[in-house]
Amino acid sequence: MISAMFQVPGTCKLRGDYAGMAADWTVGQDYHRYDAAQQDRWRRLYRRQSKLIETYAAPVFAAALAKLGMAEAIPDFGAVSDVLASATGWRLVAVPGLIPNDVFFDHLARRQFPVCRWLREEAELDYLVEPDVFHDFFGHVPMLLDPAFARFLEAYGLRGQRAAASGGIDYLARLYWYMVEFGLIETPCGLRAFGAGMLSSAGETVRSIDSSAPHRIRFELPRVMRTRYRIDRYQECYFVLRTLDELFSAIDRDLTPLFSALDRLPTIEPMEILDTDRIYPQNERAA
Ligand code: HBI
Ligand code: FE
């Protein structure tokens, strides 16, 4: 989940308790602070969302979710980190909420995934702007069990560290948004979702596959990096991978020359289509 206009806490109304953070913006999960009502809310969120996974999620996501088995209670980040570490060398760190881009990149580069520790309120069951523990955990953590995706995310963090110095943050933020949050992938059964922003949202999970409103465009790195996104509505376009390896290959080089080339090209609006786009028609989406 991304807050487009990220500001340092204290200068805007970000959720979460940022008091007592470590220098790297991490906090303790403080598991004991979750009460019975929040555990019940987690179970209802999980039950509702997991019903959609078999039909709409990429098989790699569905298998990882089943392996994590977090239906009954808010997960303990330390316990899950042990499972992750043996699978792909990643660990989870608890954060109070959104953290600055450069800090976020540093964690990813060190194979640490920042997970917000607070859980949404009852009234936010269907939608919230900032990431909470359900979005971050249910949406993002399963994909960290996949070696190809985990390798990409570590490389993404390293590119982000370099971009923080040499420019290109906006291009990387678009890549994260369209692929890590809202990515689709081809499977023998048709297009399926692996993005956290869609898989942690009942409405967007279904819409991303079934609706004829959004465009579904074949993944191509410069195209994604040129495309603006909206954080406050359903996506108007989705980008589609053939394989997860494609993501790592796309950024496995110095991106500085690409960023300079993109600086000279116009940005693309989410609903816009280029004649060079490979669009997935309705029939190609279903099995
Ligand atoms: N902070 N906690 C948290 N979670 C995110 O997903 C996140 C963030 N800060 C910045 C950010 N995402 C995006 O701008 C990335 O593209 C860097
Ligand atoms: Fe997210």
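What follows is calculated from the coordinates using simple rules that are stated; it is not laboratory data. These numbers come from a predicted model, not from an experiment. Glycine also receives a Cβ, built like all others from the backbone with ideal geometry; neighbour counts cover every protein chain displayed.
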| query | Is it the case that some residue within region 234-248 is farther than 23 Å from Ala58 by Cα and surrounded by fewer than 19 Cβ atoms within 10 Å (Cβ to Cβ)? | reply | no
| message | within 16 Å of ligand 2 (Cβ to nearest atom) and either among the charged types (D, E, K, R) or in contact with a Ser or Thr (Cβ under 8 Å, 6 or more places away or on another chain) (or both): which single residue out of Glu154, Glu186, Glu181 fits that description? | response | Glu181
| Residues of region 251-287 satisfying the condition of being under 30 Å from Pro188 (Cβ atoms) and in contact (Cβ under 8 Å) with a residue 60 or more places away in the chain | Ile251, Asp252, Asp277, Arg278, Ile279, Tyr280, Gln282, Glu284, Arg285, Ala286, Ala287
| query | Which numbered condition trips up Ala261, out of (1) outside any loop (DSSP other than H, G, I, E, B); (2) within 17 Å of the chain's Cα centre (by Cα); (3) farther than 15 Å from Asp277 by Cα? | reply | (2)
| All positions within region 86-124 that are in contact with a Lys or Arg (Cβ under 6 Å, 6 or more places away or on another chain) and within 13 Å of ligand 2 (Cβ to nearest atom) | Gly97
| message | Is it the case, given these coordinates, that Asp254 is part of a loop (DSSP other than H, G, I, E, B), within 16 Å of ligand 1 (Cβ to nearest atom) and within 29 Å of Leu158 (Cα to Cα)? | response | no
